[in-house]
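Peer 1: Below are the structure tokens for one structure; questions will follow.
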Amino acid sequence: MLEDILREWDGEEKKPILTRLKEKVLKPRSLRERVIFCIYRLKVQKDKLEIVILKLKRRDKEFLGKCVEAKMAKDEGRASIYANECHQIRKIFKVVFYCKVTLEQVVLRLETVEILSDLAASIVIPVNLVKEIKNRLSFFLPSISYQLGEIASELEDMVLVAGRVESKPFEVSSLTEEAKVILEEARVVVEARTKEAFPDLDEQSTPELELG
């Protein structure tokens, strides 16, 4: 049920063929133009995640209310169903919020690329992080995951192009130590914000979701 709702939220309007052709024609050419365009696309996906987060919080509030009503009516079976839905929503909330926080870090890093001379090295960590987020969202939000995959491929291509220009080899297939640090920082933020968003969360009865 929740998976179906998420996929509905994840759906995107199909772009007219003319619009898609125009985007290809107007596709940025220089490396720095391509970075700016990727930043724009990442912000679009981050905004989508923020909308999903708001909807998850609303849905949790709705189900929590129904759970309380069922408890008051001593309907333990129905209360259990709504409680389980709340647990699932909160697990997914943590994943989506984690990805949104990480995307914010990616955007911040890419926005500093323009003032850095070593373009290829500057993009490696964002590539790692975008791939990581893409993988985490592939089941819940496949459309957003697909868009992030395209952005990651674009960034990876820029690393290779910049690397050839600067005559330096770069490995972007696995997480760097710095990327791991950023992900851990995001995890800590998510844990704190989840408690703020759901102050009534019963930590003992709520299944944990591994983020790292």
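Peer 1: Suppose we filter the range 29-54 for residues that are part of a helix (DSSP H, G or I), basic (Lys, Arg) and surrounded by fewer than 16 Cβ atoms within 10 Å (Cβ to Cβ); how many remain?
Peer 2: 3
Peer 1: Then there's this: Scan the range 45-61 residue by residue and report those that are free of Cβ contacts under 8 Å to residues at least 12 places away in the same chain and closer than 19 Å to TYR146 by Cβ.
Peer 2: Answer for the range 45-61, where residues must be free of Cβ contacts under 8 Å to residues at least 12 places away in the same chain and closer than 19 Å to TYR146 by Cβ: just ASP47.
Peer 1: Please indicate, with yes or no, whether at least one residue in the range 72-93 is closer than 18 Å to SER143 by Cβ and in a helix (DSSP H, G or I).
Peer 2: Scanning the range 72-93 turns up at least one residue that is closer than 18 Å to SER143 by Cβ and in a helix (DSSP H, G or I).
Peer 1: Sticking with this one: Of all residues being of a type in the set (Ser, Thr, Tyr) and not in a helix (DSSP H, G or I) in the range 106-154, which is modelled with the highest pLDDT? Just the residue, please.
Peer 2: The extreme case among them is SER138.
The values are calculated or read from the model by the stated rules, or taken from the named source; none is laboratory data. The shown structure was predicted, so the numbers you read here are calculated from the model rather than taken from an experiment. All Cβ positions, even for glycine, are placed from backbone atoms using ideal geometry, and neighbour counts span all protein chains on display.
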